[in-house]
Amino acid sequence: MTVTTTLKLPEELKDRVVSAATAAGKTPHAWMVEAIEAQAALAQRRKAFVASALKAEQEVAQYGLVYDADEVFSYILAKAEGKRAAKPKPRKR
């Protein structure tokens with residue numbers, strides 16, 4: 001079910017929306033719905049990312065285990081190149 005929402009846009013912004021929508025082969029309405037959906041999805045991903053980072057921070061504070069970034073990067077690069085590599089080991093902070 002859809003609901004009606006009214007947006008009051010400055011004329012200059014409305015002109016930019018119409019231009020962008022036309023270039024994309026869409027109606028201004030469809031273009032704005034997609035833009036709002038993209039921003040809502042981005043906000044959700046950002047919220048999940050921050051929650052994950054805060055959880056990781058708590059785990060480090062609780063257990064004191066961390067990985068050396070250089071070792072992790074070297075491991076990832078070696079694996080990407082198809083080479084054998086020892087997994088980095090967590091260390092006490």
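A few points about this structure:
- With respect to the conditions (1) surrounded by 10 or more Cβ atoms within 10 Å (Cβ to Cβ); (2) free of Cβ contacts under 8 Å to residues at least 12 places away in the same chain; (3) among the aliphatic types (A, V, I, L, M); (4) under 30 Å from K87 (Cα atoms), A61 lacks only one, and its number is (1).
- Any hit, the stretch 34-46, residues being surrounded by 12 or more Cβ atoms within 10 Å (Cβ to Cβ), part of a loop (DSSP other than H, G, I, E, B) and without any contact (Cβ under 8 Å) to a residue 60 or more places away in the chain: no
- Filter result for the condition that a residue is under 30 Å from R91 (Cα atoms), part of a helix (DSSP H, G or I), of a type outside the set (G, A, S) and more than 25 Å from the chain's Cα centre (by Cα), over Q62, Q58: Q62
- Filter pass, K87 being out of contact with any Phe, Trp or Tyr (no Cβ under 7 Å at 6 or more places or on another chain) and of a type in the set (K, R): no
- Comparison of K83, K26 shows that the only residue that is charged (D, E, K, R), outside any helix (DSSP H, G or I) and exposed (fewer than 10 other Cβ atoms within 10 Å of the Cβ) is K83.
Any read-out appearing in this document is the output of simple, stated calculations on the displayed coordinates, not a laboratory observation. Everything numeric here is computed off the predicted structure, so don't read it as measured data. Every residue, glycine among them, receives a Cβ derived from its backbone with ideal geometry; neighbour counts consider all protein chains shown.
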